[in-house]
Every structure is written in structure tokens, then in C-alpha cells.
Amino acid sequence: MNQESAPAGPLAGLRVVEMGQLIAGPFCAKTLADFGADVIKIEAPGAGDPLRNWRMLQDGTSVWWQVQSRNKRSIAIDLRNADGQDLARQLIAEADVLIENFRPGTLEGWGMGWDALQALNPGLVMLRISGYGQTGPYRDLPGFGVIGEAMGGLRHLTAEPGRVPVRVGVSIGDTLAALHGTIGVLMALYHRKVHGDDRARGQVIDVALHEAVFNCMESLLPEYSAFGAVREAAGSALPGIAPSNAYLCSDGYVLVAGNGDSIFRRLMDTIGRPDLGAAPDLQSNAGRVARIEEIDAAIGAWTLQHTIAEVMDALGRAKVPAGKVYTARDIAEDPHYRARDMVLTQRTRDGHELAVPGICPKLSATPGGLRTAAPRLGEDTDAVLREAGLTERQVALLREKGVIA
């Protein structure tokens with residue numbers, strides 16, 4: 001797939017205004033854009049979204065930006081200016097979706113709270129992503145994804161027992177919030193289409209970073225409620241499910257998930273421990289959990305005698321789920337990633353060829369695609385404002401006043 005041949009996508013015709021920056025809101029908008037939505041990203045003149053300058057830069061622009069803002073259009077508007085706020089309202093009046101991830105109260109201070117925008121556009125779907133949500137005692141506190149991961153319960157578990165909790169390595173809190181926001185937007189659009197009327201078709205989706213993380217914490221809370229059990233960090237193991245862990249080979253680690261009953265027996269046969277595979281008390285997960293140290297020691301003794309490739313080959317033939325720990329190089333060179341178009345080539349505005357993540361999920365009839373590269377700051381300002389009905393003279397006057405760039 002390349003940018004020239006990308007399909008229109010199932011969301012073609014959907015107009016989205018993005019007023020967020022950095023990660024959570026823009027990742028949601030990026031997901032909608034990958035599937036055909038026309039995303040108009042409003043950025044501050046001068047600097048634009050700070051993500052443009054995060055991590056590694058190529059010709060002065062972050063390569064992360066190239067992924068996060070592909071398929072979008074950029075319009076530079078000073079939202080602190082009354083005329084800029086009027087322009088934003090004019091764009092929102094014609095939009096299907098507004099995405100914002102400012103601190104609660106920011107839009108209200110600009111005269112763009114929900115009541116004002118709903119009166120302007122009754123069909124608007126408004127996604128609001130923030131640290132703690134639009135209500136509650138913490139609503140006004142600043143919150144980033146890492147804080148949401150901690151409050152949501154994830155950070156307490158990501159560590160070796162007794163050692164400092166570590167971060168996942170990516171902004172997973174922001175991304176989980178973005179994906180929950182995407183689901184909310186699509187549900188609200190469906191409701192508007194099927195159940196809408198002229199008075200009340202739109203609605204607000206309120207996503208808090210910590211709630212998105214907490215929603216993925218499985219049985220954490222019910223175990224505490226029922227048994228008073230506080231789940232603790234367990235390193236690479238999966239507490240209460242056995243065996244599932246990382247095991248050291250002669251040249252690195254391999255992950256093995258032998259926690260299915262029949263899978264466990266095949267695993268034990270493969271490592272030369274049929275006695276464990278046949279043990280009556282190990283035929284169910286509960287019995288294996290009780291003897292997990294013994295089981296882990298047996299698996300670890302076997303893996304240590306082999307390379308990762310040898311372990312993967314043996315367990316693959318035995319149909320036991322196993323996997324190596326992939327690096328960026330492994331992903332880039334892996335034939336399965338390539339076969340499923342999950343490593344694509346994207347040409348930037350500066351003409352560089354970048355390997356970037358492909359489109360997920362895969363839709364058979366209306367797939368998403370890579371249509372346009374991430375825009376330069378304000379690149380689409382004139383075109384978007386002309387579409388909104390402004391004349392060339394009006395656009396020129398706004399630029400002279402510094403309202404747009």
C-alpha cells in the first residue's frame with residue numbers, strides 16, 4: 001500500500017476538528033483519519049503541536065509527528081484571540097466531531113463550552129480527554145498519561161517484586177484513553193444516525209486518563225472486593241495463571257504461555273518432564289499455581305540449554321504459544337509484519353521515506369489507508385478557511401492581524 005493508492009476508508013465524509021495536542025486527543029484523531037475522516041488539526045501559530053519537536057528529529061521535525069499526524073490537515077489559529085475563537089466556532093459549526101484534550105474549563109474560558117457549541121451545532125459529537133475527567137474533586141488538577149497509569153493501578157504492577165515500579169516504555173495511558181475516546185465517538189455517531197432528531201443528536205464523550213487505564217485492569221478490583229486481596233507486582237509472570245512467564249535462554253529471553261491444560265502437557269513433554277505433565281494435581285490451573293516455582297524452574301532449566309531460535313522451533317512444533325522479545329529491528333525485518341502490511345513506507349513532506357506502523361484494525365471491505373503525509377504547520381489554513389466561506393481578502397486580513405499563520 002502507498003499514499004497514492006490508499007482507499008477512501010469507511011469514515012470518508014466525516015469532518016473532525018482536532019483541538020488537542022501531544023498524544024491522547026491527536027491519537028484518537030489519527031485513528032479516525034486513518035479510516036478516511038477529514039481531520040482539521042488546529043495548532044497555535046509559531047510553534048504548533050509540541051509533538052513536532054519530541055524525541056528524534058529529521059530535518060527539524062519529529063518522526064513521531066509523521067505517524068501521529070498523517071492523513072490530517074493543519075490550520076494555524078491563535079485561540080487566545082477573539083477572532084481566532086470565532087474562526088474555531090465557524091469550523092466546529094460544520095463539523096461532525098470535535099476532539100479536545102485541554103485541561104477542563106479551558107474551552108469554557110474561550111466561550112466554547114458544550115452548551116455554547118451544542119446550540120451552534122446540535123449534532124456535534126464532542127470528545128473531551130483529560131487527566132481526571134470533566135467532573136469530580138480532581139477535575140482541575142493537571143494530569144498526564146503517566147499519572148493516569150499510576151492512578152489507574154497499572155504502575156503498581158509493572159515491576160519486579162520489591163523494586164521500583166517502571167513505566168511500560170510508551171505512553172500507554174494516553175493511548176488507552178485515545179482508544180476509549182475513539183470507541184465513544186463511533187458509538188455517539190451511530191446513536192446520532194439511528195436515534196437522532198433535530199433537537200438532540202449530539203453528545204459529549206468524557207474520557208479520563210486514569211479511568212481508561214483502570215478499565216483494562218481485569219480482576220484487580222473484584223479480587224480486592226471479594227477477598228481483600230491487593231495484587232502486587234510479579235515481574236514477568238502473570239499471577240494466578242500458570243505457567244506464563246519469561247524464561248532465560250542461552251542468548252536472551254523467550255516468553256512461554258503454557259497455561260492451557262492440554263498445552264501444559266505438550267510443554268512438559270517437549271522439555272523432557274512428562275512426569276509433571278502427567279501429575280494429577282497439575283491437570284488444572286489451580287494445581288499448577290500451587291506448584292508454580294517448581295514448574296518455572298523446570299522450564300527455565302530447559303530453556304537455558306538452548307538458544308531462542310531452538311526454543312521457538314521446538315515449542316512451535318509442539319503448538320505451545322511462545323515468542324521472542326521483539327526490538328524495533330525485529331519488527332522492521334519480520335516477514336509476518338510485512339505480509340500483513342503492518343510496516344508501511346510513508347513519504348514525508350520533506351521527501352524522506354519512513355517505515356511507519358500500518359493500519360489497525362484490518363477491515364475487509366472498507367480498509368483504512370495512508371493517504372497524505374503529516375502536514376507542515378498551518379499548511380492548510382487558506383484552503384480550510386476558503387472551504388468555510390471566507391474570502392481571500394478576509395484570510396489576508398486575519399493573517400495581517402496575526403490571528404492565523
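The values are calculated or read from the model by the stated rules, or taken from the named source; none is laboratory data. Every value quoted in this text rests on a predicted model; they were computed, and no experiment measured them. In this analysis, Cβ positions are derived from the backbone assuming ideal geometry, glycine residues included, and neighbour counts consider all displayed protein chains. SASA here: full protein model, heavy atoms, side chains in, ligands and nucleic acids out. Shrake-Rupley method; radii C 1.70, N 1.55, O 1.52, S 1.80 Å.
With the requirement that a residue be open to solvent by 60 Å² or more (accessible area, probe 1.4 Å) and under 16 Å from residue 321 (Cα atoms), what does the stretch 260-275 give you? Selection gives 261, 265, 266, 269. Counting the residues of the stretch 174-205 that are open to solvent by 70 Å² or more (accessible area, probe 1.4 Å) and either within 20 Å of residue 149 (Cα to Cα) or aliphatic (A, V, I, L, M) (or both) gives 5.
Mind checking whether some residue in the stretch 241-250 is open to solvent by 10 Å² or more (accessible area, probe 1.4 Å) and either on the phi > 0 side of the Ramachandran plot or charged (D, E, K, R) (or both)? No, that holds for no residue.
Looking at 341, 313, just one residue is surrounded by fewer than 17 Cβ atoms within 10 Å (Cβ to Cβ) and either in contact with a Lys or Arg (Cβ under 6 Å, 6 or more places away or on another chain) or part of a loop (DSSP other than H, G, I, E, B) (or both), and that residue is 341. Selection of the stretch 120-172 for residues being out of contact with any strand residue (DSSP E or B) (no Cβ under 9 Å at 6 or more places or on another chain), part of a loop (DSSP other than H, G, I, E, B) and charged (D, E, K, R) yields 140, 155, 160, 163, 167. With respect to the conditions (1) within 23 Å of the chain's Cα centre (by Cα); (2) open to solvent by 40 Å² or more (accessible area, probe 1.4 Å); (3) on the phi < 0 side of the Ramachandran plot, residue 129 falls short on a single one, namely (2). Tell me which residues, restricted to the stretch 123-139, are over 17 Å from residue 182 (Cα atoms) and in contact with a Phe, Trp or Tyr (Cβ under 8 Å, 6 or more places away or on another chain). Answer for the stretch 123-139, where residues must be over 17 Å from residue 182 (Cα atoms) and in contact with a Phe, Trp or Tyr (Cβ under 8 Å, 6 or more places away or on another chain): 132, 138, 139. Checked against (1) within 27 Å of the chain's Cα centre (by Cα); (2) farther than 25 Å from residue 11 by Cβ; (3) surrounded by 22 or more Cβ atoms within 10 Å (Cβ to Cβ); (4) not aliphatic (A, V, I, L, M), residue 103 meets all criteria but (3). When restricted to residues that are among the aliphatic types (A, V, I, L, M), assigned to a loop (DSSP other than H, G, I, E, B) and open to solvent by less than 20 Å² (accessible area, probe 1.4 Å), the stretch 344-379 contains 4. Pairing residues of the stretch 254-268 that are free of Cβ contacts under 8 Å to residues at least 40 places away in the same chain and over 20 Å from residue 308 (Cα atoms) with residues that are part of a helix (DSSP H, G or I) and open to solvent by less than 10 Å² (accessible area, probe 1.4 Å), at Cβ distances under 7 Å and at least 6 apart in sequence or on separate chains, gives 265/277.
Exactly one residue among 111, 148 is open to solvent by less than 50 Å² (accessible area, probe 1.4 Å) and under 30 Å from residue 237 (Cα atoms), and that residue is 148.
Exactly one residue out of 48, 84 is open to solvent by less than 30 Å² (accessible area, probe 1.4 Å), assigned to a helix (DSSP H, G or I) and either touching a residue at least 24 places away in the same chain (Cβ under 8 Å) or farther than 23 Å from residue 369 by Cβ (or both), and it is 84. Is it true that residue 345 is in contact with a strand residue (DSSP E or B) (Cβ under 7 Å, 6 or more places away or on another chain), hydroxyl-bearing (Ser, Thr, Tyr) and within 30 Å of residue 274 (Cβ to Cβ)? No; evaluated as a whole, the condition is false for this residue. Counting only residues that are over 28 Å from residue 13 (Cβ atoms), part of a strand (DSSP E or B), touching a residue at least 40 places away in the same chain (Cβ under 8 Å) and open to solvent by less than 40 Å² (accessible area, probe 1.4 Å), the stretch 51-81 holds 1 of them.
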